[in-house]
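The values are calculated or read from the model by the stated rules, or taken from the named source; none is laboratory data. Small disclaimer: the values here were computed from a predicted structure and weren't measured. Neighbour counts are summed over all protein chains in view; Cβ atoms, including those assigned to glycine, are modelled from backbone coordinates with ideal geometry.
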Amino acid sequence: MRPKNSYLYCVCGHTLQRPRRVSDSELICEVKRLAASERHATSELVASIAVLDRRRAYLAEGYSSRHAYCVDVLGFSNDAAFYRIAAARVVQSFPEILDHDVVPFAAGGDPAC
């Protein structure tokens, strides 16, 4: 049986803060908020990789390919680099994609929270 209250650890920077007790509903709201935040950060990252790609700015950093830059500098796995670069290329071809709000809870979270 799952406890009614669980602990939530907050990672700020690289420091794991002291846990605090949260209810299930608080935990669910926090997970939704973090997922929305991650989607927003990913879309900004992909847009920035598109600009990096268009400018070929990775060349000035000593990398012959955007893939090598994403793996070596940004720390992505080969697959993660491939998919982000592919998404960045789609954004270059269809920049209006970025005009759409694809983050359902971006404007303040789930109304139930």
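Worth a mention:
Let's see how each residue does on (1) surrounded by 15 or more Cβ atoms within 10 Å (Cβ to Cβ); (2) closer than 17 Å to residue 41 by Cα; (3) of a type in the set (Val, Ile, Thr); (4) modelled with pLDDT of 90 or more:
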site: 66; (1), (2), (3), (4): yes, no, no, yes
site: 70; (1), (2), (3), (4): yes, yes, no, yes
site: 77; (1), (2), (3), (4): no, no, no, yes
site: 84; (1), (2), (3), (4): yes, yes, no, yes
site: 99; (1), (2), (3), (4): no, yes, no, no
site: 104; (1), (2), (3), (4): no, yes, no, no
site: 108; (1), (2), (3), (4): no, yes, no, no
site: 112; (1), (2), (3), (4): no, no, no, no
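- Residue 28, sole failed condition from (1) surrounded by fewer than 15 Cβ atoms within 10 Å (Cβ to Cβ); (2) in a loop (DSSP other than H, G, I, E, B); (3) at pLDDT 70 or above: (2)
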